[in-house]
Amino acid sequence: MKVAAEVERLEAAVKQMKADLKTYVDQNGPLQAGDKIWNYSTTVSWDFDPQRLRELALNITVEGLNPWELLTLPAASIKKLGWDEAALLQYGNKKESKRFDSKKA
């Protein structure tokens, strides 16, 4: 129970410190600390209209791929296709979100 309580305390402290770092980055831009850069990064995901999924699956098949293998893991599937954004926009909408984290410099 003591270990669990300490983990909770430490996680709360880390959460607060990351919030402080995020505020700093918001006000001053990316922060390099040692070999890491603290900043926002953008992630992309796609949301396809259910009515258009059949057409998308057919076009994947035309390219010689198994659509059901690709469609089980959307993010990895989209990368495997190698289609550009213009092609993907025919079937779905691009969604971007920001993630705050550290990365190697």
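The values are calculated or read from the model by the stated rules, or taken from the named source; none is laboratory data. None of the values given here were measured: they were computed from a predicted structure. A quick note on method: Cβ atoms are made from the backbone with ideal geometry, for glycine too, and the neighbour counts reach across all protein chains shown. Note: areas computed on protein heavy atoms with side chains; ligands, DNA, RNA excluded. Shrake-Rupley method; radii C 1.70, N 1.55, O 1.52, S 1.80 Å.
A Cβ distance below 6 Å, combined with a sequence gap of six or more or placement on separate chains, defines the contacts here; from the stretch 80-105, residues that are open to solvent by less than 100 Å² (accessible area, probe 1.4 Å) reach residues that are modelled with pLDDT of 90 or more and outside any strand (DSSP E or B) in the pairs Tyr91/Arg52; Tyr91/Leu56; Phe100/Lys22; Ala105/Asp35. Counting only residues that are of a type in the set (A, V, I, L, M, F, W, C), open to solvent by 80 Å² or more (accessible area, probe 1.4 Å) and assigned to a loop (DSSP other than H, G, I, E, B), the stretch 41-79 holds 1 of them.
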